[in-house]
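The values are calculated or read from the model by the stated rules, or taken from the named source; none is laboratory data. Keep in mind it's a predicted model, so treat the numbers as computed, not measured. Cβ: placed from backbone, ideal geometry, glycine included. Neighbour counts: every protein chain shown.
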Amino acid sequence: MLGKRMELRHLRYFVAVAEVENVSLAAQRLNVSQPPLSRQIHQLEEEVGCPLFERTAKSLRLTEAGAVFAREAKAVLRQVENAVAAARAAAESAGELRIGYAPSLTVRILPRTLRASHEHLPEVKVRLHDLSTSEMLRQLRAGAIDVALVVHPGNTALRGLSFHELDRIPACAMLPLSHPLAETEALRVDDLRREPVIAFTRGDYPEYHRWLSSVFKTANARARLSEEHDSINSLIAAVEAGRGIAFGGEGLEELCGRRLCVRRLEAPAPPIIVGAVYPSATPHPAVRNFLSAAG
């Protein structure tokens with residue numbers, strides 16, 4: 001801690017003199033006159049309680065204590081600079097929240113979350129980024145987005161990140177309109193165990209494949225994966241073409257329209273756990289307010 005009389009300017013002056021070991025040259029660099037600078041250095045030595053420089057008529061050099069103090073003073077000044085930069089960055093970005101999301105997996109939760117956020121934080125501008133789950137996690141760690149709306153990615157994938165659950169969405173199946181089970185209001189997983197399954201790409205959505213496995217596990221079966229697609233639009237097109245069926249959460253009918261038949265899966269099919277992921281150590285200033293508004 002700085003002493004009662006020691007101020008940041010004392011550290012800045014001392015570091016400037018220590019770097020050039022010349023009061024006159026340091027005074028020029030600091031744009032101050034030499035006598036006040038010399039007084040500041042003497043005041044600092046009195047505060048520290050020991051000489052920081054060895055002085056002769058023609059030279060000035062750091063004492064052993066002065067060299068240690070110089071190293072620590074530079075560290076303090078760097079911390080102050082970092083704190084100022086962080087505060088300015090927060091002030092500049094406090095009015096904007098960058099949100100990553102996957103349309104197919106957050107179709108029901110995204111609209112209501114944005115409405116609640118706007119009602120509670122009308123001054124915050126929201127930027128939406130349509131990304132895969134793996135890309136959202138990468139961008140969160142890189143600081144490119146502030147929060148991501150995702151299916152729970154698993155504890156291993158959440159290293160250094162926090163997950164705030166927002167909803168549990170009932171599981172549904174997407175069928176071609178011509179499918180024999182299209183008229184059935186609620187389906188059992190056992191009814192679909194032999195169907196070819198069209199899924200999202202495993203590399204981009206590993207949590208989706210974990211959930212899909214848990215769905216079929218309730219029927220003591222494995223999904224018969226036939227195709228993988230990296231977007232909801234291509235997945236819908238493949239199901240519509242009769243290449244297989246697909247699984248997701250309630251609300252997908254809003255994306256499918258009348259192109260597909262969306263039917264809820266009966267228990268014990270597990271729901272999709274959707275929430276917000278954000279950096280654990282340094283969350284965006286508006287993230288916690290956003291989460292509070294989202295519920």
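Looking at Ala102, Ala70, Ala75, Ala85, which one is over 16 Å from Leu291 (Cα atoms), in contact with a strand residue (DSSP E or B) (Cβ under 9 Å, 6 or more places away or on another chain) and assigned by TED's automatic domain parsing to the domain that holds Glu54? Spell out how you get there, then give the answer.
Values: Ala102 fails: assigned by TED's automatic domain parsing to the domain that holds Glu54; Ala75 fails: in contact with a strand residue (DSSP E or B) (Cβ under 9 Å, 6 or more places away or on another chain); Ala85 fails: in contact with a strand residue (DSSP E or B) (Cβ under 9 Å, 6 or more places away or on another chain).
Just a single option satisfies the conditions, and that option is Ala70.
Select from the range 208-227 the residues that are touching a strand residue (DSSP E or B) at 6+ places or on another chain (Cβ under 8 Å) and surrounded by 19 or more Cβ atoms within 10 Å (Cβ to Cβ) and list them in ascending order. Please lay out each step first, then the result.
Residues of the range 208-227 touching a strand residue (DSSP E or B) at 6+ places or on another chain (Cβ under 8 Å): 208-209, 211-212, 215, 223-227.
Tyr208, Trp211, Leu212, Val215, Ala223, listed by residue number.
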- Message: Take residues that are more than 30 Å from Gly95 (Cβ to Cβ) and tell me which of the strands (runs of 3 or more DSSP E) falling wholly in the range 136-230 contain 1 or more.
- Response: 161-169, 171-176, 196-200, 224-229
- Ala116 passes all but one of the listed conditions (1) surrounded by 18 or more Cβ atoms within 10 Å (Cβ to Cβ); (2) within 17 Å of Glu165 (Cα to Cα); the exception is number (1)
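Got at least one residue in the range 223-242 being among the charged types (D, E, K, R), closer than 15 Å to Asp190 by Cβ and either at pLDDT 95 or above or touching a Lys or Arg at 6+ places or on another chain (Cβ under 6 Å) (or both)?
Looking only at the range 223-242, we keep the residues that are among the charged types (D, E, K, R), and these are 224, 227-228, 230, 240.
Among the residues that remain, those that are also closer than 15 Å to Asp190 by Cβ are: 224.
With either at pLDDT 95 or above or touching a Lys or Arg at 6+ places or on another chain (Cβ under 6 Å) (or both) added as a condition, the list becomes 224.
The answer is yes; a qualifying residue exists.
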- Query: Can you tell me which residues in the range 231-249 are in a loop (DSSP other than H, G, I, E, B) and either crowded, with 20+ Cβ neighbours inside 10 Å or aliphatic (A, V, I, L, M) (or both)?
  - Reply: Ala241, Gly244
- Would a scan of the range 215-230 turn up a residue that is without any contact (Cβ under 8 Å) to a residue 12 or more places away in the chain and touching a helix residue (DSSP H, G or I) at 6+ places or on another chain (Cβ under 6 Å)? yes
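Every residue, every condition in (1) loosely packed, with under 15 Cβ neighbours inside 10 Å; (2) among the polar types (S, T, N, Q); (3) touching an Asp or Glu at 6+ places or on another chain (Cβ under 8 Å); (4) without any contact (Cβ under 8 Å) to a residue 60 or more places away in the chain, yes or no:
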| site | (1), (2), (3), (4) |
| --- | --- |
| Tyr101 | no, no, yes, yes |
| Val107 | no, no, yes, no |
| Arg127 | yes, no, yes, yes |
| Leu149 | no, no, no, no |
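Quick check: anything in the range 256-264 within 26 Å of Ala157 (Cα to Cα), outside any strand (DSSP E or B) and not assigned by TED's automatic domain parsing to the domain that holds Val147?
Within the range 256-264, the first condition is being within 26 Å of Ala157 (Cα to Cα), and the residues that meet it are none.
Scanning the range 256-264, I find no residue that is within 26 Å of Ala157 (Cα to Cα), outside any strand (DSSP E or B) and not assigned by TED's automatic domain parsing to the domain that holds Val147, so the answer is no.
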- Message: For the range 233-263, which positions are more than 19 Å from Glu195 (Cα to Cα) and among the hydrophobic types (A, V, I, L, M, F, W, C)?
- Response: Leu252, Leu255, Cys256
- Which listed residue is hydroxyl-bearing (Ser, Thr, Tyr), surrounded by 15 or more Cβ atoms within 10 Å (Cβ to Cβ) and touching a residue at least 12 places away in the same chain (Cβ under 8 Å), from Ser178, Ser134: Ser134
